[in-house]
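Peer 1: Below is one structure. I have some questions about it.
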Amino acid sequence: MAKTGTTTQGLRAAIERSGYYPALVAEAVQAAVGGEPVVSYLVHQETTFDANEVRRHVTVLVLTGTRFIVSHTDEQAADATSPTPYATTSTESVKLGRISSVVLSRVVANPESYTPGQLPREVVLTIGWGAVARLDLEPASCGDPNCEADHGYTGSSTADDLSLRVSEAGDGPDTVRQTLAFAQALSEATAASAAR
């Protein structure tokens, strides 16, 4: 379940409510935020099914006056490298001026009867800052069905540093609202940063 808000104390409380290794997650996030005031945040815990395993992970997004911080924590079962279960947590701090895109995709049921303010069925928040790009390639052609020449490849490169999907059915309507609020705060902050 995602939680959003605007204070450091609220951020800590949301991490604790998620119930996912709160001491570990909170320490990592606090170290990344440092002394900066929190403008907005989103805590999203997700459970996935991987073959015969149930895996949980949590993503914490934090917006300060100057930075966007993303923290991600995964748990791992005991394996050949570790005789006990373990968790991996990472944080990345990005200057607002480096954020190149904030994409919010909305899925709306019955679009013909959509009214402004209606909650989307699901949203996907994708944020790009140039650290990761997805490259989609396919063979190029000239349009001649009889041509056998090699025309190389064509494709596109898409910034895809972070993609977070929430749905009303899986995460609840509050989570969708909270994701929309965080996306708006981040979009406004990046626009203000670009205007400076």
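The values are calculated or read from the model by the stated rules, or taken from the named source; none is laboratory data. Keep in mind that what you see is a predicted model, and the values were worked out from it rather than measured. Note that we place each Cβ from the backbone using ideal geometry, even for glycine, and neighbour counts take in every protein chain shown. Just the protein is used for accessible areas: all its heavy atoms, side chains included, with ligands, DNA and RNA removed. Shrake-Rupley method; radii C 1.70, N 1.55, O 1.52, S 1.80 Å.
Peer 1: State all residues of the range 98-130 that are under 30 Å from Tyr20 (Cβ atoms), open to solvent by 60 Å² or more (accessible area, probe 1.4 Å) and either among the aromatic types (Phe, Trp, Tyr) or in contact with a Leu (Cβ under 9 Å, 6 or more places away or on another chain) (or both); if no residue qualifies, say none.
Peer 2: Answer for the range 98-130, where residues must be under 30 Å from Tyr20 (Cβ atoms), open to solvent by 60 Å² or more (accessible area, probe 1.4 Å) and either among the aromatic types (Phe, Trp, Tyr) or in contact with a Leu (Cβ under 9 Å, 6 or more places away or on another chain) (or both): Val103, Arg106.
Peer 1: Tell me, which strands (runs of 3 or more DSSP E) wholly within the range 76-181 include 3 or more residues that are of a type in the set (Ser, Thr, Tyr) and more than 29 Å from Val54 (Cα to Cα)?
Peer 2: Qualifying strands (runs of 3 or more DSSP E): 153-159.
Peer 1: Considering the range 2-56 alone, what residues qualify as being at pLDDT below 90 and touching a Ser or Thr at 6+ places or on another chain (Cβ under 6 Å)?
Peer 2: Ala2, Thr6, Gln45, Arg55, Arg56
Peer 1: Residues Leu125, Leu63, Leu119: which one is in contact with a Pro (Cβ under 9 Å, 6 or more places away or on another chain) and closer than 23 Å to Asp171 by Cβ?
Peer 2: That would be Leu119, the only listed residue that is in contact with a Pro (Cβ under 9 Å, 6 or more places away or on another chain) and closer than 23 Å to Asp171 by Cβ.
Peer 1: Here's a check for you: in the range 38-65, which residue that is of a type in the set (S, T, N, Q) and in contact (Cβ under 8 Å) with a residue 40 or more places away in the chain is nearest to Arg177 (Cα to Cα)?
Peer 2: Here the residue is Ser40.
Peer 1: Taking the stated definitions as given, is Ala31 open to solvent by 40 Å² or more (accessible area, probe 1.4 Å), over 19 Å from Thr190 (Cα atoms), touching a residue at least 40 places away in the same chain (Cβ under 8 Å) and not in a strand (DSSP E or B)?
Peer 2: So Ala31 passes the test.
Peer 1: So, one more: Within the range 67-97, restricting attention to residues that are exposed (fewer than 15 other Cβ atoms within 10 Å of the Cβ) and farther than 23 Å from Gln45 by Cβ, which residue is nearest to the chain's Cα centre (by Cα)?
Peer 2: Lys95
Peer 1: Would you point out the residue of the range 138-158, among those that are open to solvent by 40 Å² or more (accessible area, probe 1.4 Å) and of a type in the set (Gly, Ala, Ser), that is modelled with the highest pLDDT?
Peer 2: Ala149
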